[in-house]
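**Student:** Structure provided below as structure tokens; questions to follow.
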Amino acid sequence: MATGTAPAEPSAPRGSPDPGAAGRLLDRTGRISVTAVALVLAVHFLRPGWWDGHAPAVFVAGLAAGIPHGAVDHLVPAWCRSRGAHRRHRPLLPLGYVCAAAVAFALALWLPAPALCVFLALSAVHFGRGETCVNTLRAGAVPPPAGTLCTVAYGAVVTVLPLVRHPDAVRAFLHTLAPGATWLLAAPVRPVATVLTATVALAACALLLRHRRRRDAAELLLLAALFWLVTPWVAFAVYFAAWHSLRHIARLVLADPANRPALLAGHFGRPLRRFCRQGALPTAVVLAAVAVTAHLGEPHRQALAGAGVAVLAALTLPHLLVVTLLDRHDAHEPSCADRSAGPGSPVRAGAVAPVVRAGERGGACPSRAPRT
Ligand SMILES: CC1=C(/C=C/C(C)=C/C=C/C(C)=C/C=C/C=C(C)/C=C/C=C(C)/C=C/C2=C(C)CCCC2(C)C)C(C)(C)CCC1
Ligand SMILES: [Fe+2]
């Protein structure tokens, strides 16, 4: 966590055949997510109330579009471990993933209210950490100042703000999911949670600006505006699909050792097609699970939305474990791509853009993406 004099953002590393490939991918995905949120806000201002009429459809579409970002989770442990040692365990990973999701689902059925609170807390950590990691990668392995504060700020804006700012829009849904958890929307809870979220978000923005991380600060404010102004269904849908998922997919594409040569040559098409191939079947399985859960549930207007949230809540546990593994591995070990490259490979020979490890800088999150 840094405070004190403000360091300038780092300059792009030198000596790489394509020093900006990773940075360009993160920049492009970043621009797409900012544009999507700006468009949602523009419609909100130009056609007030328009989103309210389309909220259920947009929510379901957003959840579905965000599912692929977890679809290669079962491959991530292998990317981050030595090749031979764990090969025989690989077929067990999908099984372990399904079991963890099943346990989470059973717990949610058994104790819905505590499970919802844990789900919201885990979601806040997951989203907050996701943003902090991507910002670190984009800045060439320089973690944001006070990374924990930024993580809490992003997490609270995305999970607390929609609930406390629009209680009437979510009350009935929350009651269906977990009847005992509607205290989250109670009158005394909301002002306290709103003030805390605003304080943390403003403090994080001030620190980011002091350290010249203008883009990170502007994005945090943009997300705060989205969740403050727009109905939570639409705000969450656009955030989940076009922001969190898209940026996480960029990170996965960068983490897959097999993509290294194409990325070094500045090609994104092949790595993205590889991701789509790898993620197609798990995505289809999860979409089918949502459809079946919706069909089994009580028929009501929001059955699909409820089933989507229930299945995502179950997947959150294994997804979070895998993403944490990726974060921790990158913070303490050389990059996966470095270790999986052969002895004569340009990666080992140092022809790749210099890899700056966050662990060496005391940061929460790693990077092998040079800043453009
Ligand atoms: C790999 C694999 C697979 C797949 C997987 C996947 C595909 C995953 C995904 C994952 C995911 C995809 C995850 C996600 C997560 C999510 C989250 C974390 C969310 C959160 C949310 C929230 C927080 C919400 C909130 C709310 C409420 C509650 C109410 C209303 C309003 C709102 C919306 C705000 C399988 C199973 C096939 C098999 C094995 C292996
Ligand atoms: Fe995620």
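**Student:** Regarding segment 275-292, can at least one residue be identified that is open to solvent by less than 10 Å² (accessible area, probe 1.4 Å), farther than 28 Å from ARG47 by Cβ and touching a Gly at 6+ places or on another chain (Cβ under 9 Å)?
**Tutor:** yes
**Student:** Still on this model: Given the residues PHE119, PHE127, which is the only one that is in contact (Cβ under 8 Å) with a residue 12 or more places away in the chain, open to solvent by 20 Å² or more (accessible area, probe 1.4 Å), within 16 Å of ligand 2 (Cβ to nearest atom) and under 23 Å from THR283 (Cα atoms)?
**Tutor:** Going through PHE119, PHE127 in turn, the sole match is PHE119.
**Student:** Cβ-Cβ under 7 Å, sequence separation 6+ or interchain: first residue in segment 144-168 and within 16 Å of THR182 (Cβ to Cβ) and open to solvent by less than 20 Å² (accessible area, probe 1.4 Å), partner of a type in the set (Val, Ile, Thr) and outside any helix (DSSP H, G or I). Which pairs?
**Tutor:** Qualifying pairs under 7 Å: none.
**Student:** Filter segment 198-237 down to residues that are open to solvent by less than 20 Å² (accessible area, probe 1.4 Å) and in a helix (DSSP H, G or I), then give me how many there are.
**Tutor:** Going through segment 198-237 one residue at a time, the tally reaches 15.
**Student:** Is it true that some residue in segment 304-322 is open to solvent by 60 Å² or more (accessible area, probe 1.4 Å), more than 16 Å from ligand 2 (Cβ to nearest atom), without any contact (Cβ under 8 Å) to a residue 40 or more places away in the chain and out of contact with any Leu (no Cβ under 8 Å at 6 or more places or on another chain)?
**Tutor:** no
**Student:** For segment 12-54, name all the residues that are under 18 Å from TRP228 (Cβ atoms), small (Gly, Ala, Ser) and at pLDDT 95 or above.
**Tutor:** SER33, ALA36, ALA38, ALA42
**Student:** So which of LEU263, LEU207, LEU222, LEU229 is within 16 Å of ligand 1 (Cβ to nearest atom) and either modelled with pLDDT of 95 or more or not β-branched (Val, Ile, Thr) (or both)?
**Tutor:** Selected residue: LEU229, the only one of LEU263, LEU207, LEU222, LEU229 that is within 16 Å of ligand 1 (Cβ to nearest atom) and either modelled with pLDDT of 95 or more or not β-branched (Val, Ile, Thr) (or both).
**Student:** When you go through (1) modelled with pLDDT of 95 or more; (2) open to solvent by 10 Å² or more (accessible area, probe 1.4 Å) one by one for ALA186, which number turns out not to apply?
**Tutor:** So the condition that ALA186 fails would be (1).
The values are calculated or read from the model by the stated rules, or taken from the named source; none is laboratory data. Please read these numbers as outputs of a predicted model, since none were measured by experiment. Cβ coordinates were reconstructed from backbone atoms using ideal geometry, including for glycine residues, and neighbour counts include every protein chain displayed. Side chains are part of the model used for accessible areas, which takes the heavy atoms of the whole protein and leaves out ligands, DNA and RNA. Shrake-Rupley method; radii C 1.70, N 1.55, O 1.52, S 1.80 Å.
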